[in-house]
Each structure stands twice: as C-alpha cells, then as structure tokens.
Amino acid sequence: MFKAGKVAIIGRPNVGKSTLLNALIKEKLCIVSHRPETTRDNIQGIISGKDFQIVFIDTPGIHRPRNLLGKTMVSKANSSILESDLVLVVIDAKDDLTSQDIEIFNKIPDNKTSLLIINKIDLIDKRLVLPIIEKSKKFNFKEIIPISAYEKNDIELVFKKILDYLPEGYPLFPEDQLTDKPEKFCIQEIIREKVLELTYEEIPHSVAVSVEEMKEKTTKNGSPIVYIRCNIYVERQTQKAILIGKNGSMLKKIGCLSRKDIENFLSKKAFLELFVKVFENWKKNPQKLKELGYL
C-alpha cells in the first residue's frame, strides 16, 4: 500500500511552522527567523520513502493584513487548507490558546483531517501544557501533539501520525525532488534570511530580493562557478543606507553569509553580486508584487 498526499502547515506568524517543516524533512528548505511573517509564499517540501510521499506545504502566518502583500500571504495560507489532504495547525505553547488560534481552527472544514501541534514546549513549564491540551479537545483534531520543533523533540511521533492519516495514492513528484520551487527562489530566500538576521527592526518587513541574472561561468583556472546578480529592494532611502552600511560593510557581510549557504545549496562555487534599490511602497504595488513573484 502506497500513501501520498499534501500536508498543509498553518498557524499564526512566528509559531515555528518553517522550523517544523525543516525538522520533518531533515533539510533546511525554509528560511527561519525570529521575525514574524518571515514566510511569504506557500513552499512545498517533499519527502519520499519506499511506500510513501509526503508533500508538506509551509505557509505564511495567518494574520490581519495591513497591505496587498499581507492579503496575498493570507490568501495563500487559506488556499493551502483546501488543497491539502491533511492539516497541521501549529500553535505557540508560550501564548497558551489565543483568539487568533481559535479563528484559524474555525477555518478548517469539518471533513478535513487535522492535527494540532503545540510547539515550543521547551520554553515553558511542562505543567502548563496540559491545560492547553484540555482547552483544545473541544475542537475537531484527530491528535494533539506537544513538541519542540527547534529541539526536534517528538518530531518522529508527528511524522508517524501523518503517515497514519495520509490517504492511499500515487507520487506527485519524482522521488529525488526536494521542493517545487526553482533554484532562483531558494537563492532569493537565502539572501532575505541573512538580511533578517543582520538588520534592524525597520528593515525585515520592507525587504524583497530578486535574482536578476544567474549563469554558470568558468574561472581562469578552468573551474566552474555560478555568477549571480541580485537586487535587494527596500521602501526608503534610510533603509538602503542601513543595508549598505558604513563603507559597504553591512552589504558585504550579507553577501558573505549568503554566498556560503548558496554554495552549499548548489554544491558549486558561486560569485554573488548584490545591489540595493529603493522602491517606495512596493508591498502595496500590484505590478511590483507580480514582478517579485508574490502575485
């Protein structure tokens, strides 16, 4: 019997959805940051075995949007519920059970199989987990599983339960494929992750990355190298100045850290060239959102 299907991972921003996906597929596919609303698109992570294939869908955090980008993100997250065979709803144990969590619970159709994942239990007194479980029992979850995605506690139990509830089916992707996203998307996300790690509070929500050119070249000694030219977009001149830094120091640091991860991702040497450009209010501009792949 072969089992196959799509598993949507949904929840509020910053509850650990991407960390959970990375732990489940045992690869760093999705960028991770302590900043809320880090994930902006549905990203499918694929894991295949002898008698199964699971297509996980990491989704943007469901929140009350403030602009067109936010509306698009929430729309993508909501659509993943309908297209999936199984839904993992992730909540943050530190926050108990919030009204926003309950709003998300109510988005799931009664006929949709769903599991509740109580994440970040490593950050609270374990005695506080039981009341959260008790409050959650009145909702239509097949299983309620407390975990720490960061410490990978009980990840194998989550994986086993997913297989238990996954329907019979056929593979949706080749068995060696890790994601549905192209290389350029993954490179853009690597660079954006470094920006999130290194910059001030005002930068993260205003940054977008676009790969403008990517081609393989040969160095003088005959070795292959991938040349990548990217634009980093922000909304204000002050943000551009922060990203570049004194004498270009911040941009150099972003480029250095990004290049290392890009080389690991491509398994090739890379030459990375970064430019910072200002595009005011790009998050509200349909044409720019389309150019950047968000629409």
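A compact table of results
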| read-out | value |
| --- | --- |
| All positions within region 220-230 that are surrounded by fewer than 19 Cβ atoms within 10 Å (Cβ to Cβ) and either in a helix (DSSP H, G or I) or in contact (Cβ under 8 Å) with a residue 24 or more places away in the chain (or both) | S223, P224, I225, V226, Y227, R229 |
| Residues (under 14 Å from V207 (Cβ atoms) and not hydroxyl-bearing (S, T, Y)) located in region 238-249 | Q239, K240, A241, I242, L243, I244 |
| Test: I81 is closer than 22 Å to D164 by Cα and part of a strand (DSSP E or B) | no |
| Condition met for K268 (in contact with a strand residue (DSSP E or B) (Cβ under 6 Å, 6 or more places away or on another chain) and assigned by TED's automatic domain parsing to the domain that holds V209) | yes |
| Index of the failed condition, I190 passing every other in (1) modelled with pLDDT of 95 or more; (2) outside any loop (DSSP other than H, G, I, E, B) | (1) |
| Residue within region 123-146 that is in contact (Cβ under 8 Å) with a residue 60 or more places away in the chain and part of a loop (DSSP other than H, G, I, E, B) present | no |
| Residue within region 110-117 that is of a type in the set (S, T, N, Q), within 20 Å of P65 (Cβ to Cβ) and either without any contact (Cβ under 8 Å) to a residue 12 or more places away in the chain or not assigned by TED's automatic domain parsing to the domain that holds P13 (or both) present | no |
| Per-region count, region 268-295, residues assigned to a loop (DSSP other than H, G, I, E, B), surrounded by 18 or more Cβ atoms within 10 Å (Cβ to Cβ) and without any contact (Cβ under 8 Å) to a residue 60 or more places away in the chain | 0 |
| Qualifying residue in region 229-252 (condition: of a type in the set (V, I, T) and either in contact with a Pro (Cβ under 8 Å, 6 or more places away or on another chain) or under 19 Å from K288 (Cα atoms) (or both)) | yes |
| Close pairs from region 72-83: first under 11 Å from L295 (Cα atoms), partner acidic (D, E), Cβ under 8 Å, at least 6 apart | M73/E37; M73/D41; K76/D41 |
| Those residues of region 49-78 which are in a strand (DSSP E or B) and under 16 Å from the mean Cα position of the chain (by Cα), in sequence order | V55, F56, I57, D58 |
| Hits in region 205-237 - residues which are among the aromatic types (F, W, Y) and farther than 15 Å from E183 by Cβ | Y233 |
| Residues that are surrounded by 15 or more Cβ atoms within 10 Å (Cβ to Cβ) and within 17 Å of the chain's Cα centre (by Cα), drawn from region 153-188 | L178, T179, D180, K181, E183, K184, F185, C186, I187, Q188 |
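The values are calculated or read from the model by the stated rules, or taken from the named source; none is laboratory data. Just so it is clear, the structure is predicted and the values come from calculations on it, not from any experiment. Here Cβ is always computed from backbone atoms with ideal geometry, including for glycine, and neighbour counts include all displayed protein chains.
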